[in-house]
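Coordinate-derived values only; no laboratory data. If you're wondering where the values come from, they're calculated on a predicted model, not measured in any experiment. All Cβ positions, glycine included, derive from the backbone under ideal geometry; neighbour counts span all protein chains shown.
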Amino acid sequence: MFLLVTFLENRKTIKNRKGKVVLARYPTVTVTVPCFNEERTIYKTVRSLLDLNYPKEKLKIFLVDDGSTDGTLNIIQKFAKYSNVKVFHKENGGKHTALNLGLENCDTEFSGCLDADSYVDSDSLVRIMSYFERDESTMAVAPSIEVSNPKNIIEYAQKAEYYMSIYVKKMLGLINAIHVTPGPLTIFRRKVFEELGPYRSAHNTEDMEIAYRMQKNHMKIEQCHDAFVYTNTPSSVRRLYQQRLRWIYGFINNTIDYRGVLFQKKYGNFSLFTVPAGIVSIIAASYLFSRIAIRLWNFVEGKIVELRTVGFEFSSPFYNFDPFFINTKSVLFVILILYSLVIVSIVLGHKIAEKKVFPLHILYFFSIYSVVAPFWLFSSIYNTIVAKRPSWR
Amino acid sequence: MKNNVDWKKYFIVFLITLTLFLSASYLSDYFSTKKINQLKLIQDEISLDILSSETQFALLSELSCKNVSGFSVLSDLLGELGAKLEWGESNLGKTEEVEYLRKYYSLLQIKDYLLMKQISSRCGFKYAFVLYFYTTAENCSECERQGLVLSRLKNKYPELRVYSFDFSTDLSAVEAMLAIYKIEDTKLPALVVEGDLYTGFQDIDKLEPLIQETFGLEEEGEEEEVKEGIE
């Protein structure tokens with residue numbers, strides 16, 4: 001509701017720029033691409049960076065091989081012939097170590113990261129940089145992320161969700177309350193790392209921790225909604241589960257690490273809205289899912305007792321259907337409101353990205369996430385309690 | 001960076017959210033009241049039907065049995081009311097209103113039972129009567145299973161009339177039934193089939209022959225009456 005009110009307040013100012021964006025001055029930028037066993041996607045990723053509409057002499061591309069065991073290093077070495085590309089190879093140490101290697105070698109005014117499974121739109125960087133030109137106090141700018149070339153319903157479900165994220169992030173950006181600066185092409189002023197230090201492991205969510213650290217230090221993060229980056233998303237339920245387990249676990253644990261910023265007026269909407277809303281969402285979703293699970297269990301148990309007592313007899317649940325038996329408890333209406341707000345968020349995400357809405361994707365999103373989300377939610381809470389860190393893949 | 005917090009917006013959002021929650025609660029109350037009114041309506045209808053049947057029965061000496069009609073409809077209505085009440089108890093909560101409806105329902109069942117007994121013996125209708133006592137005061141899984149057995153039998157034999165009574169119903173008429181059949185709360189579920197008391201869970205294999213036998217008894221009773229008539 002808070003986000004919706006924010007949207008209504010700002011709806012006239014959220015517009016996609018048409019045509020080329022021209023900057024008064026093109027500052028130097030380094031984009032670090034950390035790669036660990038990314039042979040399938042890395043070529044396209046680097047190619048998209050080379051095709052950016054940004055002066056070549058102002059853009060440095062660092063390709064950091066983090067001890068890959070596949071053909072990644074061979075592929076990225078082929079790009080070493082480009083004057084603005086530099087290839088690094090190091091022992092495997094995790095994404096944050098690869099990013100830090102990039103930072104150590106960075107001598108440009110701006111620095112960013114691009115995940116090796118993502119591809120940038122050719123106008124994305126210049127659009128992001130325009131935000132820095134517009135506002136001196138902006139310290140980081142994140143792009144809009146879309147799902148690249150979805151093929152199955154798991155990916156289409158995520159496509160709907162990523163549009164919702166575009167909307168949510170844009171609204172959070174408008175109220176200075178972004179809590180994550182995602183791996184696909186968030187650009188930072190170098191000053192951020194000079195003042196705050198390098199990336200940290202941060203429960204395998206270094207992109208969330210740096211955003212928390214920036215918010216704690218009153219650094220402004222913006223969302224450039226018309227700069228698009230396309231990312232490969234998990235194509236199976238198992239991989240999606242692992243990714244989300246890492247994200248939610250990261251959110252819970254980074255929030256615990258930064259609990260001091262909670263409900264502090266001096267940290268603004270980030271402290272008063274984003275993080276508390278995240279916590280409330282996890283609690284509310286856990287409660288709702290537990291309720292549904294208990295109901296489902298009771299239903300199955302009842303059916304088993306019935307089967308054991310009187311055997312099987314087919315009867316359609318809609319036979320002699322009487323509206324009297326429709327549940328009309330308040331929680332049902334609250335759930336309906338919540339679902340409507342999620343649908344509105346997805347639709348507004350499409351509107352911001354100026355894309356057509358596919359109701360089928362929304363349907364996939366609800367059907368897949370309502371079944372799988374409880375598992376990653378409860379697992380991440382459980383892992384936090386037993387202090388078990390989820391793996392990357 | 002200045003972290004300006006727009007308190008006015010927080011307040012507005014709070015008000016909107018509160019309104020939404022209150023509307024949800026209001027809607028829920030509205031539908032609950034509507035459902036209770038619907039239950040009351042069915043009860044009134046049954047009550048009227050019973051009164052009408054009683055009157056019809058009083059007039060029976062002057063009428064032939066074929067004029068006695070509408071009982072199966074009444075049975076359906078009682079069944080519907082029972083199912084809705086049960087649903088109401090678990091979904092609307094055991095409010096005073098729902099408990100009152102439950103008492104009224106028990107009373108209607110007793111009246112229907114007495115009337116139907118008289119009519120079936122006078123007119124020779126093939127009905128079997130089962131009085132079923134259960135409890136909701138404590139968790140009685142056997143009662144749930146007994147309920148399933150009875151529902152299944154009721155579906156199979158439309159002439160089977162099952163009257164169910166919650167042991168904890170605070171109503172003198174129900175208490176009288178409990179006293180007559182010596183029902184104890186430690187021996188629930190309990191069934192009364194043709195005046196015989198069966199305590200504990202009775203499975204379908206045991207209960208079905210009993211009920212079939214009851215139909216048989218009715219037939220015999222009818223034959224005896226016919227014979228008496230001839231003599």
Report summary line: Between B:Ala58 and B:Lys182, the FRET efficiency computed from the C-beta separation at R0 = 35 Å comes out, to the nearest 0.05, as 0.65
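Take each uninterrupted DSSP H stretch in chain A, measure its Cα extent along the helix axis, and return the ones at 24 Å or beyond whose mean Kyte-Doolittle hydropathy is at least -1.0. Could you put the intermediate results ahead of the total?
Working: long enough: A:153-174 (32 Å, 0.19); A:237-257 (29 Å, -0.57); A:275-310 (52 Å, 1.02); A:330-353 (35 Å, 2.33); A:359-386 (39 Å, 1.30).
Flagged H segments are A:153-174, A:237-257, A:275-310, A:330-353, A:359-386.
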Query raised in the report: When the Karplus curve 6.51 cos²θ - 1.76 cosθ + 1.60 is applied with θ = phi - 60°, which whole-Hz ³J(HN,Hα) does each residue of the stretch A:18-33 get, with x for Gly and Pro?
Result: 8, x, 6, 9, 10, 9, 5, 9, 9, x, 7, 9, 10, 10, 9, 10
**Report entry** Karplus (6.51, -1.76, 1.60) ³J(HN,Hα), θ = phi - 60°, over the stretch B:14-25, in Hz, Gly and Pro reported as x
**Finding:** 4, 5, 4, 4, 4, 4, 4, 5, 5, 5, 4, 5
Report task. For A:Thr32, enumerate residues with amide H under 5 Å from its amide H, sequence gap 5+ or separate chain, H modeled in the peptide plane. Result -> A:Phe62, A:Gly112, A:Cys113, A:Leu114
**Report entry** Extension gain, B:Tyr26 back to B:Thr136 (0.36 nm per residue minus Cα-Cα distance, nm)
**Finding:** 36.7 nm
Query - Prolate/oblate/rounded label for the protein assembly as shown (Cα gyration tensor, a/c 1.5) - result: prolate
**Report entry** Inter-centroid distance (Cα atoms) of the stretch A:8-69 relative to the stretch B:93-146, Å
**Finding:** 75
Query raised in the report: Which entries of A:Lys303/B:Lys40; A:Lys56/A:Lys86; A:Lys56/A:Lys355; A:Lys220/A:Lys265; B:Lys103/B:Lys154 show an alpha-carbon separation above 21 angstrom in the structure shown?
Result: A:Lys303/B:Lys40; A:Lys56/A:Lys355; B:Lys103/B:Lys154
Requested in this report: Pop the C-beta distance of A:Phe325 and A:Ile279 into the FRET formula with R0 = 41 Å and round what comes out to the nearest 0.05.
Outcome: 0.70
Report summary line: Listed by chain and number, the residues whose amide H is under 5 Å from that of A:Val85, excluding neighbours fewer than 5 places away on the same chain and using placed H, are A:Ile61
**Report entry** Proximal aspartates and glutamates to A:Lys58, defined as alpha-carbon separation beneath 17 angstrom and excluding residues fewer than eight positions away on the same chain
**Finding:** A:Asp107, A:Glu109, A:Asp123, A:Glu133
**Report entry** Paramagnetic reach from A:Phe358 in the stretch A:122-156 [backbone N under 16 Å; point 7 Å along Cα→Cβ]
**Finding:** A:146-156
**Report entry** 16 Å cut-off, amide nitrogen to a point 7 angstrom out along A:Leu23 Cα→Cβ, residues in the stretch A:196-235
**Finding:** A:222-228
Query raised in the report: What does the helix-only formula give at 222 nm for chain A: each DSSP H stretch with n ≥ 4 adding -39500 (n - 2.57), the total divided by the residues, and the result rounded to the nearest 500 deg cm²/dmol?
Result: -16500 deg cm²/dmol
Query raised in the report: If each residue's Cβ is checked for other Cβ atoms within 10 Å, how do A:Ser370, B:Ser120 rank with the fewest at the top?
Result: A:Ser370, B:Ser120
Query raised in the report: Once both labels are modelled 7 Å past Cα along the beta-carbon direction, what's the A:Ile381-B:Ser172 spacing in nm?
Result: 5.2
Query raised in the report: Between the DSSP loop rule and a limit of at most 15 other Cβ atoms within 10 Å, which GluC sites (Glu not before Pro) in the stretch B:100-166 are left?
Result: B:Glu138
Report task. Enumerate the lysines that A:Lys356 could reach by cross-link, defined here as Cα to Cα under 21 Å, with residues fewer than 8 away along the same chain left out. Result -> A:Lys12, A:Lys15, A:Lys18, A:Lys151, A:Lys159, A:Lys169, A:Lys170
Requested in this report: Starting with the fewest neighbours, write out B:Ile12, B:Ile180 ranked by other beta-carbon atoms found within 10 Å of each beta-carbon.
Outcome: B:Ile180, B:Ile12
Query raised in the report: Taking square-rooted eigenvalues a ≥ b ≥ c of the alpha carbon gyration tensor, is the stretch A:213-305 rounded, prolate or oblate, where a/c under 1.5 means rounded and, failing that, a/b exceeding b/c means prolate?
Result: oblate
Query raised in the report: Which aspartates and glutamates have a Cα less than 13 Å from the Cα of B:Lys156, not counting those fewer than 8 places away in the same chain?
Result: A:Glu313, B:Glu208
Query - Under 5 Å, built H, 5+ apart or other chain: amide partners of B:Thr135 - result: B:Phe167
